[in-house]
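These notes are about the structure you will find just below.
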Amino acid sequence: MIPGYAPTVRIGIMGAGSIGCYVGGKLLAHGAVEQVVFVGRQRLADELASHGLRVKDFDEPAREVAAGDLEFATSVEALADCDAVLVCVKSAQTEGVGRELAEVLSPSCTVASFQNGMRNPVILREAGIARVVPSVVGFNVVSRGKGLFHRAMSGPLMLQADAQDALPLALKRGAHEVETHDDLAPHQWTKLIVNLNNAVSALSGAPTRALLLSPTFRRIIAAVVGEAVAVLRVAKIKPASLRGVPIGFMPRVLRLPTPIVRLVTRAQMRVDPEARSSMWEDLTRKRTTEVDFLNGEVVRLADQVGAQAPINRRIVELVHEAEAAAAGPPNIDAEALVRALGVG
Ligand SMILES: NC(=O)c1ccc[n+]([C@@H]2O[C@H](COP(=O)([O-])OP(=O)(O)OC[C@H]3O[C@@H](n4cnc5c(N)ncnc54)[C@H](OP(=O)(O)O)[C@@H]3O)[C@@H](O)[C@H]2O)c1
């Protein structure tokens, strides 16, 4: 705990998994708040009871929270007294979780959607939650087992909030890099565009760094992203720049020779060689993916504004086929994926 500082915020984590355990674990490890209540599955309760919770950034030493210092529950009632709840479930579960939270939380509780995609905050509001804060998680976390959650990519937490609000202040005290914005939609779109490569990772089985260093995979991602940027242009939506670079440049950067991409990537962010998309993890665990909330959102917008999105549409179909087959990532190689998506 920070000497002389009396933390007062009670934080709930709805959906203790990679993001929830990492964010909540850091809050606890840094003594940033009075209480963190994790709500998740029994299998994780057992894992944390045996090993405690450890959070790790890149190759820094892990910070540890002992099992006895963790509050873990398997149902939302445990969050009733929280000042803020971070919703960290996958998008397919937002609606159900939102309805359960609306039943138990006080109207003054701030509920932040720490999820990818555009629609989760809307779904939470429609479920009856009064104070919803859209947020963007700008980094990746990998669950390594035995209570260890490893952050494998740099990037901030972004919140649609005032910098002096209790939640961003608490997150900063927890050693999180936090940005606040009046309107997060341009940043949510940018994150969505960056996340369009998740499906390429999920379909191919390749780690993020391997995708970025393969000219053929970059050609595929450039086509997927270029199509999305064109749809947003038709819809007159202006996504935010990514670390100072307009997102519309991304396809051009991806088409550059590999040594230049390696340099640009290194200057922009750290990517752990093991970092893979959470959609790859979903297919591996035979769970419903978030493809409808990512590539599917591009298709939906294209249909709304009369634009074309054939590559993203085909990606949605291929991921749904892989979900239905329930045989893990289909491991489609780069050349086969070029043909399957009709990338020119
Ligand atoms: N992982 C990343 O690196 C990363 C990075 C940026 C953004 N995100 C976004 O962050 C969000 C969370 O991703 P994640 O990777 O942290 O997901 P995750 O590891 O799957 O964690 C979510 C956890 O919540 C559990 N859960 C779902 N519904 C529940 C319920 N009603 N009660 C109790 N537990 C419940 C899930 O269990 P089941 O699996 O049994 O349903 C799972 O263990 C997603 O929108 C994702 O796109 C993730």
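Where a number appears in this text, it was derived from the coordinates with a stated rule and is not lab data. These numbers were taken from a predicted model, which means no experiment stands behind them. Positions of Cβ are generated from backbone atoms using ideal geometry, with glycine treated the same way; all protein chains shown enter the neighbour counts.
Details
- Burial ordering of Lys286, Lys236, fewest other beta-carbon atoms within 10 Å first: Lys236, Lys286
- Hits among aspartates and glutamates - C-alpha to C-alpha of Lys286 under 18 Å, sequence gap 8 or more where chains match: Glu317, Glu321, Glu323
- Helix runs (DSSP H) in the chain reaching 20 Å along axis by Cα, Kyte-Doolittle at least -1.0: 215-234, 310-325
- Projecting the Cα atoms of Val23, Val85, Leu337 onto the dipole axis of the chain, where Lys and Arg carry +1 and Asp and Glu carry -1 at the beta carbon, places Leu337 farthest toward the positive end.
- Dipole magnitude of segment 186-344, debye to nearest 20 (Cβ charges: Lys/Arg +1, Asp/Glu -1, about Cα centre): 700 debye
- Sequence-distant lysines (8 or more away, or on other chains) whose Cα lies within less than 19 Å of Lys56: Lys26, Lys146, Lys172
- The relative contact order of the chain, computed from alpha carbon pairs under 8 Å that lie at least 6 residues apart in sequence, is 15 percent.
- Modelled FRET efficiency - R0 25 Å, Thr216 with Val305, Cβ distances, 0.05 increments: 0.25
- R0 of 25 Å, Cβ-Cβ distance Asp59-Lys236: FRET efficiency to nearest 0.05: 0.05
- Computed label-point distance, nm, for sites Ala130 and Ala67 using a 7 Å Cα→Cβ extension: 4.0 nm
- All lysines inside 28 Å of Lys238 as judged from Cα atoms, apart from same-chain residues fewer than 8 positions distant: Lys90, Lys191
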